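These notes concern the structure reproduced below.
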Amino acid sequence: MPEDVRWSTRPYDGHAINQPLEPDLELLQVGSGTPGGEYFRRFWQPVAMTSQLGDTPVAIRILGEDLVIFRDLEGRIGLLHKHCAHRRASLEYGRIEKRGLRCCYHGWHFDVDGTILETPGEPEDSPIRHTICQGAYSVHEFKGLVFAYMGPPEKLPDFPYYDSMDIPDHDMVPYSIHSPCNWLQESENAMDPYHSVFLHGRVNGPQFPGLEHFVALPVVAYHKRPEGFVYSHSRRKDDLILIRFHDHFLPSMAQNGGMFQVLSEPKVFSRTSLTKWVVPVDDTNARKFGWRHFNDKDEVLRQGNKDEVGWENVDFYGQSAHRSYEEMQSNPGDWEAWTGQGPMNVHKREHLGTTDEGVALLRAKLRRDIRAVAAGEDIAMPHGTPDKPFHTYGGDTVLRIPKDNRDDRAMMDRVQRAVADIYFAGDAYEGEDRADYIRSEVGAAFQS
Ligand code: FES
Ligand SMILES: [Fe+2]
């Protein structure tokens, strides 16, 4: 039997495809020293919610590393290797001090940057504390999430400020949810607009109020960006063309359109309801961190519920483990789809089709960027400041364009690509000037 057999043309021939196959470790491994792990360590990523930080240190695991995170009594956040540099006791049992954290075992005292402030059992003139540091990482606290950079300090990028971190009138509520599977499975779900047709529509019935039209197969366009992808999917609803834009910036930041929408009137450049990152815990666990955006204009149904957004919970269908098995089976959601692929999906066993173009594009770019980092090259990554934020595009545009006797799907494709071009031309402007430019240009082009 050839080693790489992964399909059979014969009925009742499961035996032909039951051979063990290796997962694509180049893409899926995240530990230190692995190509994917070193790649991930070039980016700022959320690692905790600030609501987790209380009177005691919190043990967390990110990129296969065991860590503790805490806020010291001066209000500074520390992210340290979990095991003490002295004799490896766990700092989760440590004492939070005015400055930093003290190990419970022999009292070594660490500042938030890993500097050893005190080794109380050692002689006064002991050189130990001047010659080593506890492992530590840079952190940045923002709107209820703590971001960390776990790569080499000399490669530390500025914290990337996205425009969606400060949209006027958006109330952003942080949340975090665990998935017991490799990070890429959940991330790929956000590059797969076709799953909405089936998982959230045809197979299980509509799961998102206001988006019942998602049962129609969309016309999809992927707009490549240096940092990842923006893609759009369009559908017709009577005289309207509904265009939804998604952001997918590598490694795993994603944004989509409005969650509780009624797309029944023309609108241009409405903004996202969701900003999220899928962060690897280790090779077979991931944790999503993000914000739900609450805004009456972009979520006209107002069915969102801030009280349901937080630790292990978010206020829309099928996103966490908290349902009974019977419920999961009778009406599975996204969480069941990506965790059901197993702890580490074996891509060689898949059979990709036309609906998987986004997944294939994502894997190809991920592989290129992983290899570039391994070769010592720089890769494109989001950069932005509060004054000049990194632009994102996730959200909805609805245009009134009645059907005529031309090929409607070809027309929708032309329209969404023209709208995308206007979105990208709007990058010359900032803030409301940018939104005004996009709205007036789309209006001029399509008289919506
Ligand atoms: S193991 Fe931490 S001070 Fe000894
Ligand atoms: Fe989904």
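The values are calculated or read from the model by the stated rules, or taken from the named source; none is laboratory data. Note that this is a predicted model, so its numbers are computed, not measured. Ideal geometry is used to build each Cβ from the backbone, glycine not excepted, and the neighbour counts take in all protein chains shown. In case anyone asks, the SASA skips ligands and DNA or RNA and just uses the protein heavy atoms, side chains included. Shrake-Rupley method; radii C 1.70, N 1.55, O 1.52, S 1.80 Å.
Can you tell me which of 356, 334, 315, 369 is at pLDDT below 95 and open to solvent by less than 40 Å² (accessible area, probe 1.4 Å)?
Matching residue, one of 356, 334, 315, 369: 315.
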Exercise. Return yes or no: is residue 96 away from ligand 1 (no atom under 16 Å from the Cβ) and either touching a Gly at 6+ places or on another chain (Cβ under 7 Å) or not assigned by TED's automatic domain parsing to the domain that holds residue 287 (or both)?
Key: no
Self-check item: Scope segment 9-62; condition surrounded by fewer than 14 Cβ atoms within 10 Å (Cβ to Cβ), touching a residue at least 60 places away in the same chain (Cβ under 8 Å) and over 17 Å from residue 342 (Cβ atoms); matching residues
Solution: 51
Exercise. For residues that are under 30 Å from residue 383 (Cβ atoms) and of a type in the set (A, V, I, L, M, F, W, C), scanning just segment 211-249, find the one that is nearest to the chain's Cα centre (by Cα).
Key: 249
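Answer yes if at least one residue in segment 275-285 is crowded, with 21+ Cβ neighbours inside 10 Å and either more than 30 Å from residue 63 (Cα to Cα) or small (Gly, Ala, Ser) (or both), and no otherwise.
The answer is no, given that none of the residues of segment 275-285 is crowded, with 21+ Cβ neighbours inside 10 Å and either more than 30 Å from residue 63 (Cα to Cα) or small (Gly, Ala, Ser) (or both).
In segment 161-184, which residues are in a loop (DSSP other than H, G, I, E, B) and touching a strand residue (DSSP E or B) at 6+ places or on another chain (Cβ under 6 Å)?
170, 180
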Quiz item: Any idea which of (1) within 30 Å of residue 156 (Cβ to Cβ); (2) surrounded by 13 or more Cβ atoms within 10 Å (Cβ to Cβ); (3) of a type in the set (A, V, I, L, M) is the one residue 420 doesn't satisfy?
Solution: (1)
Quiz item: Pick from segment 123-137 the residues that are open to solvent by less than 70 Å² (accessible area, probe 1.4 Å) and without any contact (Cβ under 8 Å) to a residue 40 or more places away in the chain: which of them is nearest to residue 83 (Cα to Cα)?
Solution: 128
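Just for segment 319-331: of the residues that are surrounded by 15 or more Cβ atoms within 10 Å (Cβ to Cβ) and in contact with a helix residue (DSSP H, G or I) (Cβ under 9 Å, 6 or more places away or on another chain), which one is farthest from residue 193 (Cα to Cα)?
This residue is 323.
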